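A.B. asks: Can you read through this structure? Questions will come right after.
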Amino acid sequence: MEHDPVNHPSHYTSDPSGVECITITRHRNFNIGNAFKYLWRAGLKDSQPTIQELDKAIWYIEDEKKRLKEMAASPVATTEEHIKAHLEFRSRLVPLCGRMYYPKQTSALMAECGRDLGHEGPCC
């Protein structure tokens, strides 16, 4: 591949496999993709010490570990709980002129429409 410092920098395209780094990293989440990118280019990028590249990779790996631990510690709703919460939310909506609105919105809409909630006029 011809050297293109913007679209295909050599430190991402010079792997003996012929694979470009982004071909793999675009299939990972942000932290894992960045860690992989810094490992990939370690020792290849102009004036970037290898140790600094490895430290950057470690930073993203540690951040991913922190993110995963935080996710594991927070409760995840089951599908049943999610559906129940959604139905409860929907039950609080108020029908007005053929649409559903939050209760706080209805008074302003009724004033704008000039009619009661139960009205069925040309705007319904």
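The numbers here are math on the coordinates, done by the rules we state, and not lab data. As the structure is a computational prediction, the values presented were derived from the model and not from experiment. A quick note on method: Cβ atoms are made from the backbone with ideal geometry, for glycine too, and the neighbour counts reach across all protein chains shown.
A.B. asks: At 1.002 mPa s and 20 °C, plugging the Kirkwood radius over alpha-carbon pairs of the stretch 10-73 into Stokes-Einstein gives what diffusion coefficient in µm²/s?
C.D. replies: Working: Rh = 12.4 Å.
Translational D for this selection: 173 µm²/s.
A.B. asks: So which trypsin sites (Lys or Arg not before Pro) in the stretch 1-59 end up in coil per DSSP with only 10 or fewer other C-beta atoms within 10 Å?
C.D. replies: R26
A.B. asks: Just to check I understand the Karplus step: with θ = phi - 60° and J = 6.51 cos²θ - 1.76 cosθ + 1.60, what whole-Hz values come out for the stretch 24-30, glycine and proline as x?
C.D. replies: With the stated coefficients, the stretch 24-30 comes to 8, 5, 5, 9, 10, 6, 4 Hz.
A.B. asks: Right, here's the next one. Residue by residue through the stretch 57-65, what is 3J(HN,Hα) from phi via Karplus (6.51 cos²θ - 1.76 cosθ + 1.60, θ = phi - 60°)? Round to whole Hz and write x for glycine and proline.
C.D. replies: Running phi through 6.51 cos²θ - 1.76 cosθ + 1.60 with θ = phi - 60° gives 4, 4, 4, 5, 5, 5, 5, 5, 4 Hz.
A.B. asks: Within 14 Å, Cβ to Cβ, of W40, how many net charges do the neighbouring residues add up to if Lys/Arg are +1 and Asp/Glu are -1?
C.D. replies: Numbers: positive: R26, R28, K37, R41, K45, K56; negative: D15, E20, E53.
Summing Lys and Arg as +1 and Asp and Glu as -1 gives +3.
A.B. asks: Mind checking which lysines have their Cα closer than 23 Å to the Cα of K56? Skip sequence neighbours fewer than 8 apart in that chain.
C.D. replies: Reachable lysines: K37, K45, K65, K66, K69.
A.B. asks: So, with +1 on the Cβ of K and R and -1 on the Cβ of D and E, and no other charges, what is the size of the charge dipole of the stretch 10-73 about its Cα centre, to the nearest 20 debye?
C.D. replies: In total the dipole reaches around 200 debye.
A.B. asks: Distance in nm between label sites at H27 and A73, each 7 Å beyond Cα in the beta-carbon direction?
C.D. replies: Once both label points are built, they end up 3.3 nm from each other.
A.B. asks: I want to check the label-to-label distance for Q48 and E80. Put each point 7 Å from Cα in the C-beta direction and report it in nm to one decimal.
C.D. replies: Spacing of the two 7 Å Cα→Cβ label points: 5.0 nm.
A.B. asks: Putting +1 on Lys and Arg Cβ atoms and -1 on Asp and Glu Cβ atoms, find which of G33, S17, Q48 reaches farthest to the positive end of the dipole of the stretch 10-73.
C.D. replies: The Cα lying farthest towards the positive end belongs to G33.
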